[in-house]
2 protein chains.
Amino acid sequence: MSFANCGLPFYVGDVIEDERALLMASPELFWQRFSIRVFTNTEVVSIDRQRGQVAVQELESGQPRIERYDSLVLAPGAAPIRPRVTGTGLAGVFSVRNIPDSRGIRSWISSRNPRTAVVVGGGFIGLEMAENLARRGLAVTVLEKLPQVMASLDPEMAVPIHTHLTTEGVALHLNDGLASIQELPERGLVVVAESGARLQADLVILALGVKPDVGLARDAGLAIGARGGIVVDDQMRTSDPHIWAVGDAVEVPDVVTGQETVLPLAGPANRQGRVAAESIAGRRTAFRGVQATAVVGVLGLTVASTGASEKGLRRAGVSNFQSVYLHPGHHAGYYPGAKPIHLKLLFSNIDGRILGAQAVGCEGVEKRIDVIATAIQFGGTVHHLAEAELCYAPQFGAAKDPVNLAGMLAQNVLNGDMPVADWHALGDTSALLLDVREPGEFADGHVPNALNIPLSQLRIRHGELPVDRDIWVYCGVGQRAYYAVRFLAQCGYRASNLSGGYATYLAARDAGVAP
Amino acid sequence: MSFANCGLPFYVGDVIEDERALLMASPELFWQRFSIRVFTNTEVVSIDRQRGQVAVQELESGQPRIERYDSLVLAPGAAPIRPRVTGTGLAGVFSVRNIPDSRGIRSWISSRNPRTAVVVGGGFIGLEMAENLARRGLAVTVLEKLPQVMASLDPEMAVPIHTHLTTEGVALHLNDGLASIQELPERGLVVVAESGARLQADLVILALGVKPDVGLARDAGLAIGARGGIVVDDQMRTSDPHIWAVGDAVEVPDVVTGQETVLPLAGPANRQGRVAAESIAGRRTAFRGVQATAVVGVLGLTVASTGASEKGLRRAGVSNFQSVYLHPGHHAGYYPGAKPIHLKLLFSNIDGRILGAQAVGCEGVEKRIDVIATAIQFGGTVHHLAEAELCYAPQFGAAKDPVNLAGMLAQNVLNGDMPVADWHALGDTSALLLDVREPGEFADGHVPNALNIPLSQLRIRHGELPVDRDIWVYCGVGQRAYYAVRFLAQCGYRASNLSGGYATYLAARDAGVAP
């Protein structure tokens, strides 16, 4: 009656070996424990709102039946988007919505011994499927219509994922959509891309995302919103006062932008279920909205985010924001094994309110996003992040945790101590580019046309710089450039820090957002 | 000039192999980068506040000198507590304050090849030293005057640490203080405990905690507080307006209890340094106080806490609080490898404000404490924890994260849905004890005098229970007891949940706080 759909990719990957681990509850348990009757294999085919009843059909017998209700809760979830192209019904082409789907993929793997797979779609499920198919020994190609995987991230933040996937042997075919799937006699399938590219595959996974499953609600005349989800109030009540709706099928407000959104995630769905139950039971609690906190693990990399992305803010018409980039180690640098977390923090440049954060790295990534998510929940500002008091021992964090550092950088921007320049604007500026790394680092690679004066020589050589021209300063990740900007500002130069340093430049360049 | 003192135990353990990794900055770097002159090997011996100058002594030449100041910052730190017993000066007896101390221990290990060690003190440094000496192959005994290690935790929360240490081969000698240390010719040292017990040791570590190093400040007539630290305002200014003090040497307010405290932790010390600098530079920022967020790793176990403990609240005279215990997996149970986190949440029973949390487990422990610490920073309530939106994928968390669950349990207590009973009160109650686990679990061990009616039979067998007597219900960890309490309450019984279930009972019993 209830299964762990977030576990399906891992069941395919054989990380979860026993299908029964995915089963959360049974009708027997619900009856014994709660006196609640659960009908499985029973489809609700229509809702008669006037009479307060639903027409159901028992799927095995085909028997129709009527059930009465005082209060009705709709939790139909979301359905995988099926692209309108030929070949999606061929044997060997799968979606990943339920246990039978996953069982089908497992069985295809064990019986056909496929060697290659194409995953269509580079979102959460697509990447989890890529990981788990790679784990099963298949050569995997991800076909993605956007120029990046993980559309929820800003493009430059997806670059470390691209690099990691490629390093781990997953091929990326970006910027190209699905045109059709063809069957070759004796030679498996071919995924044909919109560009004409032909990707051979013994197994194809369709992971183009999901859309709210609102057929029943729409047929019953319930209000459907602009984003395609069932419209509900903060009690999860639909346009019919006797009907509630929860989960992936509903539209809910985004707490950062204030706009309605559909967000197919389990955490908010759980909270919605509780709010609807309280509402039906006559207790007034309210669903506070969603903030899109999410994480995905892919072949050892962790990608997490909360709140809005930069492109999400622009889409929502928000422009008074600022961002900082940083690349701190996941724990103190003096303790061996620290791995960088690539972090982007977005905040209001009016009052410092935190608007969103994205992080990519190997360890401790989702911890930092959870902390920032909690701060967002309270309407917190970057000042709160700067003075957060978090766990520190050298194997777990740092006296200045990445979260503190993000807050401090943002404070420096807000209070004018450290003006930042945007790598995106590199093509449109007449500013002097100043690289303050040591000559060896500069020689290993630098931004075209940059002047190199190492921080260690800046106090004696700053006279070489123009006083009447913007100076955009960068180093490896931003710390030395900060010192340089402070010094130059005190000397009267017009200096800004190219946030995130050369590391962010490379990502922005590879994402095509910097020249 | 600056070293990573939190890394010292790991340098002893050879996790950090190169001493230079512990050095954070050099006088040369500070001069080159900031034009700041740093005098090392130079002791300030007195402060002349009238003249605005300090008397310093160069330690190598013995040369005295005077330095003038406009603003003076004292950051002397804390010094290890040296017990007033005989033998602490013997060769082979060490404290762990600085690099020479650690170097001495390393050299003792490599030259004397010690086989046994006694660590006196079971706090943060004591446990980190126990781990690192065990890592070097020594048989370690921890001698601790209290009946528990980690005095900052409530006793029942320290029990999993005791179990883990013992399992990992570290011997615990609790409830016994240090009387003396003796040298045996040719046979190393003997640590004599107050009980008369004699613990052989080839190496002894004194880790009895630290106290603010306030000699210089006291001699200068600066105000010293009741907790032994330098008194400062929220600008970190001492009783002399030209002198600031920061770090382990100062007293600061605890944000939960409002009382002054000394808290030798690096995170707050860092924040204090920034506040003092801003104050001297004429910017008005304020130090917001401390919340005692801390973590320690010991042989694979992680122990973390934030805010007040139950005993800390009682010591502060706070009584209107409540606690819940839970033992959730660190990630979704259907994904293999979930390990329990033992979690205790303390909250106001008036308004639900979060007062503190303690957690012990193997994975994801400090993440949950960091989230709760962030909520405490905002004055958050258990309701906020219940509706926190945190990262969820099955390898990272759960749709209802342990933090959400802790908040939900506390909500159930606050709104009366789930009255809780306290294991501490087990000896003083006439309540009926009801064990709702299955008969096999009951047979494997149960609380004395408990009646067993499994949850699965409760709806048919509840008539066996008295309606006129308190019923205290427990199961394994508390979830089935919750269902039982809800059902019994709806039937008119006076039922309460023994929070944390049998797992918490065993810990409370082993800690001596339950009969």
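Here is how the numbers come out for the structure above:
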item: Unique match (being surrounded by fewer than 18 Cβ atoms within 10 Å (Cβ to Cβ) and modelled with pLDDT under 95) among B:Ala75, B:Ala79, B:Ala55, B:Ala91; result: B:Ala79
item: Considering residues of the range B:397-446 that are in a loop (DSSP other than H, G, I, E, B) and touching a Phe, Trp or Tyr at 6+ places or on another chain (Cβ under 6 Å) only, the residue farthest from the other protein chains (Cβ to nearest Cβ); result: B:Ala431
item: Wholly within the range A:272-347, strands (runs of 3 or more DSSP E) carrying at least 1 residues that are free of Cβ contacts under 8 Å to residues at least 60 places away in the same chain and surrounded by fewer than 18 Cβ atoms within 10 Å (Cβ to Cβ); result: A:321-326
item: Qualifying residue in the range B:487-497 (condition: aromatic (Phe, Trp, Tyr) and closer than 12 Å to B:Trp423 by Cβ); result: no
item: Answer from A:Thr261, A:Thr302, A:Thr285, A:Thr257 - the residue that is β-branched (Val, Ile, Thr) and at pLDDT below 95; result: A:Thr285
item: Tally, over the range B:365-399, of residues that are over 25 Å from B:Asn320 (Cα atoms) and surrounded by 24 or more Cβ atoms within 10 Å (Cβ to Cβ); result: 12
item: Residue tally, condition out of contact with any helix residue (DSSP H, G or I) (no Cβ under 7 Å at 6 or more places or on another chain) and open to solvent by less than 20 Å² (accessible area, probe 1.4 Å), over the range B:492-515; result: 2
item: Residues located in the range A:166-189, provided they are in contact with an Asp or Glu (Cβ under 8 Å, 6 or more places away or on another chain) and either without any contact (Cβ under 8 Å) to a residue 40 or more places away in the chain or within 9 Å of A:Leu143 (Cβ to Cβ) (or both); result: A:Leu172, A:His173, A:Leu174, A:Asn175, A:Asp176, A:Gly177, A:Leu178
item: Residue match in the range A:72-90 (condition: assigned to a helix (DSSP H, G or I) and under 32 Å from the mean Cα position of the chain (by Cα)); result: no
item: All positions within the range A:409-419 that are surrounded by fewer than 24 Cβ atoms within 10 Å (Cβ to Cβ) and in contact (Cβ under 8 Å) with a residue 12 or more places away in the chain; result: A:Gln411, A:Asn412, A:Val413, A:Leu414, A:Asp417, A:Pro419
item: Answer from B:Glu43, B:Glu17 - the residue that is farther than 21 Å from B:Trp244 by Cβ and of a type in the set (D, E, K, R); result: B:Glu17
item: Which numbered condition A:Ala495 misses (of (1) in a loop (DSSP other than H, G, I, E, B); (2) small (Gly, Ala, Ser); (3) within 24 Å of A:Val413 (Cα to Cα)); result: (1)
item: Residue satisfying condition, being among the aliphatic types (A, V, I, L, M), open to solvent by 60 Å² or more (accessible area, probe 1.4 Å) and modelled with pLDDT of 95 or more, within set B:Ala489, B:Ala450, B:Ala443, B:Ala484; result: B:Ala443
item: Matching residues in the range A:1-53 - criterion: being within 14 Å of chain B (Cβ to nearest Cβ), touching a residue at least 60 places away in the same chain (Cβ under 8 Å) and farther than 30 Å from B:Ile460 by Cα; result: A:Asn5, A:Cys6, A:Leu8, A:Pro9, A:Phe10, A:Tyr11, A:Val12, A:Gly13, A:Asp14, A:Val15, A:Glu19
item: From the options A:Gly258, A:Gly221, A:Gly247, A:Gly312, residue that is of a type outside the set (Asp, Glu) and either within 13 Å of chain B (Cβ to nearest Cβ) or within 30 Å of A:Glu183 (Cβ to Cβ) (or both); result: A:Gly247
item: One residue from A:Ala269, A:Ala249 being at pLDDT 95 or above and open to solvent by less than 20 Å² (accessible area, probe 1.4 Å); result: A:Ala249
item: Out of B:Val382, B:Val371, sole residue that is more than 7 Å from every other protein chain (Cβ to nearest Cβ) and either in contact (Cβ under 8 Å) with a residue 24 or more places away in the chain or touching a strand residue (DSSP E or B) at 6+ places or on another chain (Cβ under 8 Å) (or both); result: B:Val382
item: Of the criteria (1) within 32 Å of the chain's Cα centre (by Cα); (2) over 30 Å from A:Pro147 (Cβ atoms); (3) without any contact (Cβ under 8 Å) to a residue 60 or more places away in the chain, which one A:His446 fails; result: (2)
item: B:Val140 being open to solvent by less than 20 Å² (accessible area, probe 1.4 Å) and among the β-branched types (Val, Ile, Thr); result: yes
item: Residue in the range B:188-202 that is more than 24 Å from B:Val318 (Cβ to Cβ) and within 14 Å of another protein chain (Cβ to nearest Cβ) present; result: no
item: Test: residue in the range A:459-467 that is open to solvent by 40 Å² or more (accessible area, probe 1.4 Å) and among the acidic types (Asp, Glu); result: yes
item: Condition met for B:Val513 (at pLDDT below 95 and either of a type in the set (Asp, Glu) or more than 22 Å from B:Gly329 (Cβ to Cβ) (or both)); result: yes
item: Filter pass, B:Met157 being of a type in the set (A, V, I, L, M, F, W, C) and within 14 Å of chain A (Cβ to nearest Cβ); result: no
item: Selection from the range B:121-146 of residues that are hydroxyl-bearing (Ser, Thr, Tyr) and more than 21 Å from the chain's Cα centre (by Cα); result: none
item: Subset tally (residues that are touching a residue at least 40 places away in the same chain (Cβ under 8 Å) and touching a Pro at 6+ places or on another chain (Cβ under 9 Å)) for the range B:350-367; result: 4
item: Subset of the range B:25-71 that is part of a strand (DSSP E or B) and charged (D, E, K, R) - its residue that is nearest to B:Ile230 (Cα to Cα); result: B:Asp48
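Table: residues versus (1) open to solvent by less than 30 Å² (accessible area, probe 1.4 Å); (2) over 22 Å from B:Pro80 (Cα atoms).
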position: B:Ala151; (1), (2): no, no
position: B:Pro155; (1), (2): no, yes
position: B:Leu178; (1), (2): yes, no
position: B:Leu184; (1), (2): no, yes
position: B:Ala193; (1), (2): yes, no
position: B:Arg198; (1), (2): no, yes
position: B:Leu203; (1), (2): yes, no
position: B:Gly209; (1), (2): no, no
position: B:Val214; (1), (2): yes, no
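The values are calculated or read from the model by the stated rules, or taken from the named source; none is laboratory data. Note that the structure is predicted; figures quoted are calculated from it, not measured. Counting neighbours? That spans all protein chains shown, and the Cβs are built from the backbone with ideal geometry, glycine included. Remember, those area values only see protein heavy atoms, side chains included, never the ligands or the DNA or RNA. Shrake-Rupley method; radii C 1.70, N 1.55, O 1.52, S 1.80 Å.
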